[in-house]
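> Here it is, the structure in full.
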Amino acid sequence: MFINLLMSALLLGSIYGLIGLGYSLIYRASGIMNLAQGDLMCVGGFLGYTFYSIYKLPIIPSILLTMASTFVIGCILEKFVIRPIFRKSTTTSVIILATVAVSYIIQSLEIVIWGAAPLAVPSFLKTPTVKIFGVIYQTEQLLTIAVALICMFAIHIFMKVSNTGKAMRAAAMDPVAARSCGINVDKTTRITWAISTTVAGLAGIMVGPIYGVTITLGTAMSAKGFASAVVGGYGDMYGAILGGFVISSLESFSAGYISSALKQLIAYATVLFILFVKPRGLLNAESVKD
Amino acid sequence: MGKVSNKKYLKYLPLLIIPFLPLILAKYSYLVMLLCFVEIYVIATTGLDVLYGYSGQITFATAGFFGIGAYGSVLIHKYTGIPVILTILIAAILSCLIALIFAYPVSKLRFAFLSLSTISFNYVIYQLITRSPGGITGDFNGIFTDRITLFGISFKEFQSFFYFGLVCTIILVVLKIFLINSRVGRAFLAIKQNQHAAEGMGIDYRKYKVYAFGVYGFYVGFAGALYAHLVGFISPETFAETQSVLFLIMAMVGGLGSNWGPVIGGTIVLLLNDALGYFQQFQLLVYGILLILFIVFMPGGIIGEGRKLIAKIKSKKEVDANVES
């Protein structure tokens, strides 16, 4: 029982964490929250389904193509929607509302393109299940956990080592100063958005074979993703993944030991509690600067 | 002077038609029902405008407070037998108190974090409604309730409810205008424009932010209670998070921070929402595009942009007059 719950917590947590990672990245780059993050994840899932199940491409090219498409979508979103709004108004609340509008538009486009019915994505690994400690798991579940951890480290190292990453951090910290150092702030912001949508898209592909892809999944994931970003420490890469695990453990253990009806309530009440008591999250963004 | 004030009130003359609308539309009871809904949403949007339009705090919890009002009134009426007319008021006060308690820790949060906490709050309320202890809210099935009765008259008919709702709406909208033109309203505006400057002027910004939440809680809770007793039945979908965005769209479309913006926005978006009911698959698309259009091109809403247009025409006329002379 315990191992089972722990595994489901790890799996859900890594998906939440991947979405939360996107939130944190965008918050770092633009200082806003993108409430369309979960819907971008669904777009990834749908694209993965299209490439893999409809066009019958092998899995690796499917994943790469999906990541490339979501990267482009991120660029388009930043350039044609978010930037014009940023130029027009200065209040963050309006921009958050605009991302809600984006999420609505994405959802309705998804209905037009892929229909409203949930899609089942076939498993894309040769060995669909593995047995660990006498419990059988879907291989994708383990893969998802690995992908989440790899993404976290990769993004962290990218931000810390590469020139683009350094420029991104500088631009997020003080756009004016960064600009005067010759950093193209518009470009770094766009790349940050693109990376975060790519991560969301990647999460979408991973989710496909496990839960299937539905439009309503997006809203739920948006909420859980921001919850994990908040719990872990908004704007922190490790925090997002940690927060994802905290939220998912709360959910699956309260479902297992208390009542499955209460799991959502407990998760959101915890988010509220953390916002009230420790708004900077578990990993204080100030003390764990990367 | 007399002439000017006459002219000032002349533009409100068309409003006099409103009380006669149910008589004109007597044959179409569906339209009268829509008018009743318009009143309810105007009240809620008015409250939202105090919070978002004047004190600058965004909220995604409107549907939650709407739900507190609705379920509060229904449950109090069911278990204590207090007449509905009083439970509406009690539920509104309850919603106001919950808003005040919620606002105290929230008032120190800004920007994204404020939205996060209101979204979480809405989820918590939604979860409480759908998985209530002992199933007192009827969970997903919803719950039936009585209509409003006053002095033995039941406002079961939409026509009679319309007049009751109209009185409530007028009182609440006028109260809001008084509030906004008072010291408190000016403090709200000061905080919205620059919190630090407001603090420097000696305004206790946290106190006023909490006040704004209280007013918002009262208005939205009141509207929710009216809704419950107009329909006679409530179920959780009405109080889901997406509904909160609908209220925000109403406020944006009408124009934030204006006396008549919420009235216009609430009316237009509610009628639009009803028309879109027949094209469910386009509903989200229309809302998304509407929001973006208003944010990018008409940030002042219908009221704000309308005023700008009138000012433009006036100044052009003056220029023309000057040229001619």
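The values are calculated or read from the model by the stated rules, or taken from the named source; none is laboratory data. This is a predicted model, so every value here is computed, not measured. Note: ideal-geometry Cβ built from the backbone for every residue, glycine included; neighbour counts use all protein chains shown.
> Does B:G47 count as under 15 Å from B:L248 (Cα atoms), within 14 Å of chain A (Cβ to nearest Cβ) and either outside any helix (DSSP H, G or I) or under 16 Å from the mean Cα position of the chain (by Cα) (or both)? Even if it seems obvious, please write down each step before you answer.
Working: under 15 Å from B:L248 (Cα atoms): yes; within 14 Å of chain A (Cβ to nearest Cβ): no; either outside any helix (DSSP H, G or I) or under 16 Å from the mean Cα position of the chain (by Cα) (or both): yes.
No: the conditions fail for B:G47.
> Right, here's the next one. So which residues in the range A:232-244 are of a type outside the set (G, A, S) and modelled with pLDDT under 85, if there are any at all? First the steps, then the outcome.
Here is the first cut: in the range A:232-244, the ones of a type outside the set (G, A, S) are A:234, A:236-238, A:241-242.
Selection gives A:Y234, A:D236, A:M237, A:Y238.
> Can you tell me which residue in the range A:191-221 is surrounded by the fewest Cβ atoms within 10 Å (Cβ to Cβ), limited to those that are of a type outside the set (S, T, N, Q) and not in a helix (DSSP H, G or I)?
That would be A:G212.
> Another question, then. Looking at the structure I just gave you, is B:L150 in contact with a helix residue (DSSP H, G or I) (Cβ under 8 Å, 6 or more places away or on another chain) and over 24 Å from B:G67 (Cβ atoms)? Working first, answer last.
Working: in contact with a helix residue (DSSP H, G or I) (Cβ under 8 Å, 6 or more places away or on another chain): yes; over 24 Å from B:G67 (Cβ atoms): yes.
Judged against the criteria, B:L150 is a match.
> Okay, moving on. Looking for whichever is touching a helix residue (DSSP H, G or I) at 6+ places or on another chain (Cβ under 8 Å), modelled with pLDDT of 90 or more and either of a type in the set (A, V, I, L, M, F, W, C) or more than 30 Å from A:G281 (Cα to Cα) (or both) here; the options are B:I93, B:I82. Which one fits?
Among B:I93, B:I82, only B:I93 is touching a helix residue (DSSP H, G or I) at 6+ places or on another chain (Cβ under 8 Å), modelled with pLDDT of 90 or more and either of a type in the set (A, V, I, L, M, F, W, C) or more than 30 Å from A:G281 (Cα to Cα) (or both).
> Helices (runs of 4 or more DSSP H) wholly in the range A:35-110 with at least 2 residues that are surrounded by fewer than 21 Cβ atoms within 10 Å (Cβ to Cβ), within 14 Å of chain B (Cβ to nearest Cβ) and touching a helix residue (DSSP H, G or I) at 6+ places or on another chain (Cβ under 7 Å) - which ones?
Once the helices (runs of 4 or more DSSP H) in the range A:35-110 are filtered for at least 2 residues that are surrounded by fewer than 21 Cβ atoms within 10 Å (Cβ to Cβ), within 14 Å of chain B (Cβ to nearest Cβ) and touching a helix residue (DSSP H, G or I) at 6+ places or on another chain (Cβ under 7 Å), what remains is A:83-88.
> Just one of the numbered conditions (1) more than 10 Å from chain B (Cβ to nearest Cβ); (2) over 12 Å from the mean Cα position of the chain (by Cα); (3) not hydrophobic (A, V, I, L, M, F, W, C) is not true of A:Y234; which one?
If we test A:Y234 against (1) more than 10 Å from chain B (Cβ to nearest Cβ); (2) over 12 Å from the mean Cα position of the chain (by Cα); (3) not hydrophobic (A, V, I, L, M, F, W, C), just (1) comes out false.
> Restricting the search to the range B:72-124, which residues are within 14 Å of chain A (Cβ to nearest Cβ), of a type in the set (G, A, S) and not in a helix (DSSP H, G or I)?
Once the filter is applied, which keeps residues that are within 14 Å of chain A (Cβ to nearest Cβ), of a type in the set (G, A, S) and not in a helix (DSSP H, G or I), the range B:72-124 yields only B:S107.
> Taking A:I145, is it of a type in the set (A, V, I, L, M) and farther than 28 Å from A:K79 by Cα?
In short, yes.
> Looking only at the range A:275-284, decide whether some residue is in a helix (DSSP H, G or I) and in contact (Cβ under 8 Å) with a residue 40 or more places away in the chain.
Yes, some residue in the range A:275-284 is in a helix (DSSP H, G or I) and in contact (Cβ under 8 Å) with a residue 40 or more places away in the chain.
> So which residues in the range B:125-136 are within 19 Å of A:A227 (Cα to Cα) and either touching a residue at least 24 places away in the same chain (Cβ under 8 Å) or more than 7 Å from chain A (Cβ to nearest Cβ) (or both), if there are any at all?
Matches in the range B:125-136: B:I125, B:Y126.
> Working only within the range B:137-168, note down all residues that are within 14 Å of chain A (Cβ to nearest Cβ), surrounded by fewer than 20 Cβ atoms within 10 Å (Cβ to Cβ) and modelled with pLDDT under 80. Write out each step before concluding.
At the first step, the residues of the range B:137-168 found to be within 14 Å of chain A (Cβ to nearest Cβ) are B:137, B:139-140.
With surrounded by fewer than 20 Cβ atoms within 10 Å (Cβ to Cβ) added as a condition, the list becomes B:139-140.
Within the range B:137-168, B:D139 is the sole residue that qualifies.
> Being under 24 Å from A:A171 (Cα atoms), assigned to a helix (DSSP H, G or I) and out of contact with any helix residue (DSSP H, G or I) (no Cβ under 6 Å at 6 or more places or on another chain) is true for just one of A:Y23, A:Y27. Which residue is that?
Criteria check complete, one pass: A:Y27.
> Continuing with this model, one more query. Assuming A:D174 fulfils every condition listed in (1) of a type in the set (D, E); (2) over 19 Å from the mean Cα position of the chain (by Cα); (3) under 25 Å from A:I59 (Cα atoms) apart from one, which condition is it?
(3)
Residue-by-condition table, conditions (1) buried (at least 21 other Cβ atoms within 10 Å of the Cβ); (2) of a type in the set (A, V, I, L, M); (3) closer than 18 Å to B:L128 by Cβ:
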| residue | (1), (2), (3) |
| --- | --- |
| B:I68 | yes, yes, yes |
| B:S73 | yes, no, yes |
| B:Y79 | no, no, yes |
| B:I82 | no, yes, no |
| B:I88 | yes, yes, no |
| B:I93 | no, yes, no |
| B:L100 | no, yes, no |
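> State whether one or more residues within the range B:271-282 are touching a residue at least 60 places away in the same chain (Cβ under 8 Å) and among the aliphatic types (A, V, I, L, M).
So far as the range B:271-282 goes, yes, one or more of its residues are touching a residue at least 60 places away in the same chain (Cβ under 8 Å) and among the aliphatic types (A, V, I, L, M).
> May I ask you to list the residues in the range A:208-219 that are within 13 Å of the chain's Cα centre (by Cα) and either at the interface with chain B (Cβ under 10 Å from one of its Cβ atoms) or within 12 Å of A:L12 (Cα to Cα) (or both)?
Result: A:T219, single match.
> Considering each of B:A63, B:A26 in turn, give the residue that is more than 18 Å from B:I249 (Cα to Cα) and either in contact (Cβ under 8 Å) with a residue 60 or more places away in the chain or among the aliphatic types (A, V, I, L, M) (or both).
Details: B:A63 fails: more than 18 Å from B:I249 (Cα to Cα).
Answer to the check: B:A26.
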